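I have placed the structure first, in the form of structure tokens, so that the comments after it can refer back to it.
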There are 2 protein chains.
Amino acid sequence: MLEKNDTFVSEMIKEAEEGLEEGGIPIGSILVQNGKVIGRGHNKRVQSDDPLAHAEIVCMQNAGRIGSFKDTTIYSTLMPCYLCAGAIVQFGIKKVIVGESENFDGAKEFMESHGVEILDIKSSKCIQLMSDFIKKNPKLWNEDIGC
Amino acid sequence: MLEKNDTFVSEMIKEAEEGLEEGGIPIGSILVQNGKVIGRGHNKRVQSDDPLAHAEIVCMQNAGRIGSFKDTTIYSTLMPCYLCAGAIVQFGIKKVIVGESENFDGAKEFMESHGVEILDIKSSKCIQLMSDFIKKNPKLWNEDIGC
């Protein structure tokens, strides 16, 4: 069971908060291998003017060409969408720790059908962060998920 | 039916060839909207040291924040993998023109199950380009698809 004070959970939330401070969409991600953070990032669509700069994508890009992602765990404050889930499945990441899926149910079933283990920690902090953002910025949010 | 001399087909192959000339993986992509190329790119994993810089991802990034991708068609010299297929599904691209799927069968069924129309033109030029590359660079190719 994940402890409430899990360092990686705090780190992914910190990433989301940094994104918000920059005027972006508050979604953060961390990539962990052998108990160490080897990649981190937050959604940069607004900041980089890049429609595909989702948190998990930026995080994996920042990890760089590590060869294989098979023994990594990815953390995301929000359930991954099909783009990010596609990256997770293609590169063989086997475990995803998700902050919440109340504001977006994403591609959970798709990942699970490819053998990815999902742990949704239902963090009230993650839910609040995203819910506040969506209320204030519905258009920006809809663009992010291709609606 | 797609003509053999379809300009967009030539353009995607040109992108793949540019990638090869740069020392990269020869996969090219073009994004078309209302009969015009609005994005283009080729696989840049080697050139940008970015494991997620697949041709279709680079192409969509280059198109930029166009608001909606729903009325676009994406061309790719090779059947899209789950990462690229995830982007296509998430952003609502409805049609994919594929150069070939002999060297990689990708995520065709996943896209089709989400209502994406796939036209595989089985281009001998695309097949040759990729087959030659894989024979010479098996390790690089396997890294590209997360094997």
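At a glance:
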item: Two-decimal ratio, the protein assembly as shown, of alpha-carbon radius of gyration to 2.2 N^0.38 Å; result: 0.97
item: Globularity ratio of the stretch B:33-86, using Cα Rg and 2.2 N^0.38 Å; result: 1.12
item: Axis proximity, chain B to A: residue whose C-beta lies nearest, plus whole-Å distance; result: B:GLY86, 1
item: Across the identical copies, how the A:GLU18 labels are spaced - nm, sorted shortest first, 7 Å along Cα→Cβ; result: 3.2
item: Inter-chain shielding of A:55-61 (mean C-beta neighbours from other protein chains, 10 Å cut-off); result: 3
item: Value of Rg to Rh for the stretch A:7-145 (Rh from inverse mean 1/r over Cα pairs, i.e. Kirkwood); result: 0.93
item: 3J(HN,Hα) from dihedral phi, the stretch B:40-55, Karplus parametrisation 6.51/-1.76/1.60, rounded to Hz, x for glycine, proline; result: 8, x, 9, 3, 10, 4, 5, 4, 9, 6, 10, x, 9, 7, 6, 3
item: Approximate shape of the stretch A:41-117 as ellipsoid semi-axes (Cα gyration tensor, √5λ), whole Å, largest first; result: 18, 16, 10
item: Chain A, dipole about Cα centre (Lys/Arg Cβ +1, Asp/Glu Cβ -1), debye to the nearest 20; result: 240 debye
item: Per residue Cα convex hull volume in Å³ - calculated over the stretch B:75-147; result: 74 Å³
item: Check: the stretch A:79-127 dipole with +1 on Lys, Arg Cβ and -1 on Asp, Glu Cβ, in debye; result: 180 debye
item: Per-residue HN-Hα couplings for the stretch A:67-73 [Karplus 6.51, -1.76, 1.60; θ = phi - 60°; Hz; x = Gly/Pro]; result: x, 9, 9, 4, 9, 10, 10
item: Student exercise, the protein assembly as shown dipole from Lys, Arg, Asp, Glu Cβ charges, in Debye to nearest 20; result: 80 debye
item: Nearest-10 value in Å² for the accessible area of B:HIS42, using the 1.4 Å probe; result: 10 Å²
item: Subset of A:LYS139/B:LYS44; B:LYS36/B:LYS95; A:LYS44/A:LYS94; B:LYS14/B:LYS125; B:LYS70/B:LYS122 violating a 21 Å alpha-carbon distance limit; result: A:LYS139/B:LYS44; A:LYS44/A:LYS94; B:LYS70/B:LYS122
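The values are calculated or read from the model by the stated rules, or taken from the named source; none is laboratory data. Keep in mind that this is a model prediction, so the values were computed, not measured. Note that each Cβ is placed from the backbone with ideal geometry, even for glycine, and that neighbours are counted across all protein chains shown. Side chains are part of the model used for accessible areas, which takes the heavy atoms of the whole protein and leaves out ligands, DNA and RNA. Shrake-Rupley method; radii C 1.70, N 1.55, O 1.52, S 1.80 Å.
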